[in-house]
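Colleague: The structure is given below, and queries will be raised subsequently.
Nothing in this text is a laboratory measurement; each read-out follows from the coordinates by a stated rule. Just so we're clear, the structure is a prediction, and the values are computed from it rather than from any experiment. Cβ atoms come from the backbone with ideal geometry, glycine included; neighbour counts cover every protein chain shown.
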Amino acid sequence: MAAVQDGQLNLEVEKDIKTEITNDDSGNINANSSSPGSTSSGGKSKSPAGSGEDQQTLLAVLQFLKRNKLTESVDILRREAGLSADADDSPISESAGAGSSGAPNVGADGGDANSLLSRVSIATPAALPATAPLAPPKVVAASGGEDQPDVNVVLSAYSQQGDPVLYPLYYNGLKKFIESVLDCHRAELSQVFYPLFVHMYLELVYNNHENEAKQFFEKFSGDQECYYEEDLRILSSMSKKEHMKGNETMLDFRTSKFVLRISRDSYQLLKRHLQERQNNQIWNIIQEHLYIDIFDGMPRSKSQIDAMSGSLAGEAKRDANKAKVFYGLLKEPEIEVPLDDEDEEAENEEGKPKKKKPKKDSMGSKSKKQDPNAPQQTRIPLPELKDSDKLDKIMNMKEATKKIRLGPDNLPSICFYSFLNAYQGLTAVDFTDDSSLIAGGFADSTVRVWSVTPRKLRRVKSAADLSNIDKESDDVLERIMDEKTASESKILYGHSGPVYGISFSPDRNYLLSSSEDGTVRLWSLQTFTCLVGYKGHNYPVWDTQFSPYGYYFISGGHDRVARLWATDHYQPLRMFAGHLADITCTRFHPNSNYVATGSADRTIRLWDVLTGNCVRILTGHKGPIHSLAFSPNGKFMASGATDSRVLLWDIGHGLMVGELKGHTDTIYALKFSRDGEILASGSMDNTVKLWDTLKAFDDVELDDFTAATGHIHLPENSQELLLGTYMTKSTPVIHLHFTRRNLLLAAGAYNP
Amino acid sequence: MRGKGANVKMASPKTVPKDAQVMIQILKDMGITEYEPRVINQMLEFTYRYVTTIIEDAKIYATHAKKNNVDADDIRLAIQSRMDQSFTSPPPRDFLLEVARQKNQTPLPLIKPYTGPRLPPDRYCLTAPNYRLKSIQKKMSLSAGRITVPRLSVGAVSSRSSTPTFGTPSVQSVTTKVGTPMSLSGQRFTVQIPSSQTAASKSSTPSTPTVQNVLINPSLIGSKNILITTNMVSQNSASESLKRKHEDDDDYDAL
């Protein structure tokens, strides 16, 4: 059998490299999982009969067993030592899998012995005490015999140095097998190709087999899915071990487990195949680097798999998306009637009766009961409303009454603000909520603020002048402004690098900007000067946003961590760590209790502000995510990435509920209309597209199976949902904003 | 190099130096297909500077080790130390997870009501004046360095004097009774300090409390505090060698 021959060849070569101490490998494995020293891939003491080197291996193993007082194992091993290791291996690995339920990482289907196989980090002396209580001594022997991190000299040599020349053969073998299985399983099993390929390549590079690595890459990189092209390109540039050290993302990839979701049947097939063939190298790699989340049910189709895959670390484990998320909105506070005196003239007859009731009703939340899906009012401390805030809210409500109802037959008008003469330097834009100010962040490290309304921007008077004004007068807020400083725009200097993120505070007093210099700056819009520089990220900060209630803000950047700050603390309050690559987009949920971060590792994570835990991991994009938007009712989220698709997510269940195809380039701007009926998306392809979200979210059917497994079949209805495409004159759209009356504002830099 | 055929003094467009050709090839290998032509020059300059720095460092290490020739170990050491200095990478994931776990354990602090603008303590803000005004008599003593209002002069933020936000010299205006002698010509601090008030100014500069009073004026609505100018103060506390520079700035101010 070819397998046996492979095995033999393997052994020949291993003899040569036996004694290499690949300490960093074991170190690496230490970092890998909670069970240190999982030389799972190694550990197969393939000792052909009578080879001197392999005798040594056996002796080492024996020693180890003796040391740990596993006498029965010793006997068994001695007895079987004369046989070829091949015969040993399959039963050993079988039982090892079945037996090591003590292994720290339990499979997704808890309790099922077979599923545990997928999670076996076969290793570790740490696991050994755990396996000791297991009844079958054979099991102990097996697990003891396989992982010898202490005797790593011999066996870790095997573990990482499965013969490099044979890697292509192993891979080819697997490829042939997968091509021969039934169609329904093939799609699922093909998921294995990519992580396997990457890990095998990285192992070759790590062990300094540069040539073999290059050949391996050339031979098989073309087979991978097209959406992994970027990663493969990065991989191809890493041909030496030193290259790997500099690349944090690849290191993380190597140490984290790539998650695959495979149905039980397909998994059985794979397992059986890999264990009856004696090239356990692949099996080792799978067990060490892959997390196979097994589910019961129909195997998924290629399209379903494609929809969810694409992220750097595979898909999300099912239990990653199981935590309860309070996606409801916080109740609006009651506004007292006396403040409405100003409305009297403006309101028409419908307005007058309203004044008698608390204004709260007009905001929509009529029920006094707590929405079960909404967080408690006091779950996170929020700033109380000041008088100016209450006035703002009243203005908001007045404007909201004049809001246009949008729909498929009533599309919004779009007003586009083009930044001229920006010379490709416009990197961030934001509008205030009432659409009175625009701020632009530029690559020359300036921040510029313009007034959209005819009212000019004024700075507050100096302290001396302020002491002269009449503080009791009604228009004191006007008097404090210095007329001499009135101008259409103001420039804010302070950063020392391009400004990548901008956000106005809801009360229009502050402006935040985040920059490549690693700081986030708070600017006052009364004096147009910088107030605070928040230092914490030491690397470019790609995005920042104020909370919808003010006071808190988040920032995310190159250091893969998103931080939650409060304006009056110079250090962050929360750190959200978990992404594998830069965080490119950060957004607050409308109730300010959750934060969504989109990253270059192609996942979106939802974090709980209260605890800092990651409550949702959403995969499916095939490129770094550059825009996120929450629907106004808090239930849904839209995300846009460099793969030109907009994906719609149901936050409560953690599922993808829609896919909007149509753009041809990165989507940098996403915004829901004020009532959530329309989603506007702006992209580098110089267009703004409007999508019908009511229809998109209506079509979602969630039965138990889909809710449990997350496999949703997405209808191909992008064309129906597309309500309109609006082209600009070579101006990429980088920001969108719906005014309170549902007029759509867009911004971008003219780029001829 | 091709292009010998053409007897032109200028290099014909087809002649690209070998270095540039190599750089173009590198960019292609890394998958970068669209770039402006200046990028090649920038990359070449960077390469030259990097390599030169490494080799110089390696020479220093070699002489330190009393070797005659620079060998591979020296180069390796040079690369390593430069890597740790300039080309750092973000912290590893497990470290970040651990730090985040600790940070996230503390509960969110409660928000005190009605405290005006919510800003960090003053020493962490950039709202303090980083200038002081000089009197006409140029009798500046370096003891003025004491008044250095605590500034965060770490990092790029405050050391770039690129903040020409034009503020009122309200320091002075408060100590003087009326602000009128101060001519605010928009762009500059033309602070004419009448000599009668030199004493006041001199006393005001070393005395931090006066300055402080101006800073936090609770009657001001919002955060309309002292505004920032170029960073002179952080240099005040430096050594004599900066004195000259300081005086130059004085001259500027007095104009």
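Colleague: Give me a comma-separated list of calculated 3J(HN,Hα) values for region B:120-129, in order, Karplus coefficients 6.51, -1.76, 1.60 applied at θ = phi - 60°, integers in Hz, x for any Gly or Pro.
Modeller: Rounded to whole hertz, the list is x, x, 4, 5, 9, 9, 10, 9, 7, x.
Colleague: A follow-up question, please. Send over the semi-axes of region A:364-463's equivalent ellipsoid, whole angstrom and largest first, taken as the square roots of 5 times the C-alpha gyration tensor eigenvalues.
Modeller: Working: eigenvalues 209, 100, 58 Å².
So the three semi-axes of region A:364-463 are 32, 22, 17 Å.
Colleague: Using amide H atoms built 1.01 Å from N in the peptide plane, name the residues 5+ places from A:ALA374, or on other chains, whose amide H lies under 5 Å from its own.
Modeller: A:GLY328
Colleague: Could I ask something else about it? What list of ³J(HN,Hα) values in whole Hz, one per residue of region A:257-269 in order, does the Karplus curve 6.51 cos²θ - 1.76 cosθ + 1.60 (θ = phi - 60°) give from phi, with Gly and Pro shown as x?
Modeller: Using θ = phi - 60°, the values come out as 8, 7, 9, 10, 10, 10, 6, 4, 4, 4, 5, 4, 4 Hz.
Colleague: Whole Å is fine, so just give me how far the alpha carbon centre of region A:534-606 lies from that of region A:65-82.
Modeller: 54 Å
Colleague: Rounded to the nearest 0.05, what FRET efficiency do A:HIS243 and B:THR15 give with R0 = 25 Å and r taken as the Cβ-Cβ distance? Could you check? Please list the in-between numbers first.
Modeller: Details: r = 33 Å, r/R0 = 1.31.
Once the sixth-power term is evaluated, E becomes 0.15.
Colleague: Say the cut-off is 21 Å between C-alpha atoms; which of A:LYS671/A:LYS695; A:LYS386/B:LYS103; A:LYS661/A:LYS695; A:LYS331/A:LYS386; A:LYS214/A:LYS245; A:LYS324/A:LYS671 go over it? Present the calculation step by step, with values, prior to reporting the outcome.
Modeller: Values: A:LYS671/A:LYS695 17 Å; A:LYS386/B:LYS103 30 Å; A:LYS661/A:LYS695 15 Å; A:LYS331/A:LYS386 17 Å; A:LYS214/A:LYS245 18 Å; A:LYS324/A:LYS671 25 Å.
Among A:LYS671/A:LYS695; A:LYS386/B:LYS103; A:LYS661/A:LYS695; A:LYS331/A:LYS386; A:LYS214/A:LYS245; A:LYS324/A:LYS671, the Cα-Cα distance tops 21 Å for A:LYS386/B:LYS103; A:LYS324/A:LYS671.
Colleague: Next up: Taking H as built 1.01 Å from N, whose amide H comes closer than 5 Å to the amide H of A:ALA81, not counting residues under 5 places away?
Modeller: Residues meeting the amide H criterion: none.
Colleague: Take the eigenvalues of the Cα gyration tensor for region A:634-685, scale each by 5, and report the square roots as semi-axes in whole Å, largest first.
Modeller: With the √(5λ) rule applied to region A:634-685, the semi-axes are 19, 13, 8 Å.
Colleague: Grab the Cα-Cα distance for A:GLN55 and A:ARG455, subtract it from 0.36 nm times how many residues apart they are, and report the gain in nm with one decimal.
Modeller: Working: separation 400, 0.36 × 400 = 144.00 nm, distance 8.82 nm.
Here the answer is 135.2 nm.
Colleague: Note down the net charge around A:ARG560, summing +1 for each Lys or Arg and -1 for each Asp or Glu among other residues with Cβ under 10 Å from its Cβ. Working shown, then result.
Modeller: Values: positive: B:ARG93; negative: A:GLU248, A:ASP252, A:ASP559, A:ASP582, A:ASP601.
Taking every other residue near A:ARG560 into account, the sum is -4.
Colleague: While we're looking at this one, here's another question. Determine, from the Cβ-Cβ distance of A:CYS184 and B:ILE24 and an R0 of 51 Å, the FRET efficiency 1/(1 + (r/R0)^6), rounded to the nearest 0.05.
Modeller: Values: r = 48 Å, r/R0 = 0.94.
In this case the efficiency is close to 0.60.
Colleague: Further, regarding this structure: For the residue pair A:SER467 and A:ASN211, what label-to-label distance in nm results when each label sits 7 Å from Cα along the Cα-to-beta-carbon direction?
Modeller: Going by the 7 Å Cα→Cβ label model, 8.4 nm.
Colleague: With labels modelled as points extended 7 Å from the Cα through the Cβ direction, what inter-label distance (nm, one decimal) is found for B:GLN85 paired with A:LEU722?
Modeller: 5.4 nm
Colleague: Based on the Cβ-Cβ distance of B:ILE32 and A:VAL476, what FRET efficiency does E = 1/(1 + (r/R0)^6) give at R0 = 60 Å, to the nearest 0.05?
Modeller: Details: r = 57 Å, r/R0 = 0.96.
Approximately 0.55, to the nearest 0.05.
Colleague: Quick query: amide H of A:LEU723 versus all other amide H atoms, modeled in the peptide plane; which residues come in under 5 Å with a sequence gap of 5 or more or a different chain?
Modeller: A:LEU690, A:TRP691, A:ASP692
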